[in-house]
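The structure appears right after this line, and notes come after that.
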Amino acid sequence: MLEIHDLNKSYGKKKVLTGVDLTVRPGEVLGLLGPNGAGKTTTASIVAGLTAADSGTVRVAGIDIRTQPRQARRRLGLAPQELGVYPILTARENMEFFGRLMGVGRTELPARIAEVAERLGITPFLGTRAHNLSGGQQRRLHTALALLHRPEVLWLDEPTVGADVTARQDLLTEVRGLADSGAAVVYATHYLPELEVLGARVVVLHHGRILAEGYAPELVERYAKSAVSLEFSDSVPEGLGAWRGLPGATVTDGRVLTVPTGSPGQLLAQLFATLGGDADRLLSAEVHHPNLENAYLAIMAAAGDSDPDDDIVVPDAAERSSDVVA
């Protein structure tokens, strides 16, 4: 279990973390979301004992990182966003070095290397120097180093950056499997669909404060709305002016009216009834179902951040959940 209570950190006059409370239980994946500068990296650094908090407590598997840092680190697997592999060493040599560093016994280490390499798909290039590996292969090796000592708490920061579709899916399966085996996993990412695939409990961090917390369906229900879009052959009819003025309503290219709503069926009926003779100009009607992206953007907008993060990655139009109804 990872327990973080009332964590505070400042650099000079700049407050980086304010009263952060997090608990990650065995068997759970916690997805950490937030724009660059939200405090995610600082939190990870404090959890790993690399940075001292101004106040607050961090316990890794029940061990206080401040008073017993060595024992706490032995129970933590950390794979930060910045790659931490030695380029002139082979993948196997990297795993041998870091395995011994984290206390894996010499007799146990070869079997652990073989097991982790197989699970993360890096067995074919164990004899390859790290600088000759592709970006995705280096990322998988980097993650493997954090798993060798069977950590009770695992912190992964952007683990699928540079990974192809197959490698991404393999890693997500491995992360879910680690949690199912009893590990407490923190998974920081900008790729929102990964958190839904993992069934993660999501925490949104912004300017060092937690803005929202819950599983993806809970956040979607709490913060996001469905939307109805009507596309016309030319301009949006003047008769729909009342809906154009609703909060959150938008007109795209002068022809597509999109209106957020909690009752899409009822809204569609009202819009169709209002169209009258303009119905002949209607090309399509679409219901857009809310997802974690919509919830995240709504949370950040409520916090006064209109551009929450250029790095947030969401599905393209082909992947979005919507129903064409006309």
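Nothing in this text is a laboratory measurement; each read-out follows from the coordinates by a stated rule. The model shown is predicted, which means the values in this text are computed figures rather than measured ones.
Taking the DSSP beta bridges with both ends in the chain, the antiparallel portion is around 70 percent. Taking each of 15/225; 40/225; 13/40 in turn, the alpha-carbon distance tops 24 angstrom for 15/225; 40/225. Relative to one another, the C-alpha centroids of segment 70-114 and segment 119-186 are positioned 12 Å apart. Going by a ≥ b ≥ c, the root eigenvalues of the Cα gyration tensor, does segment 240-283 fall in the rounded group (a/c under 1.5), the prolate group (a/b larger than b/c) or the oblate group? Verdict is oblate for segment 240-283. Taking only the alpha carbons of segment 2-220, we obtain Rg and Dmax values of 17.0, 50 Å in that order.
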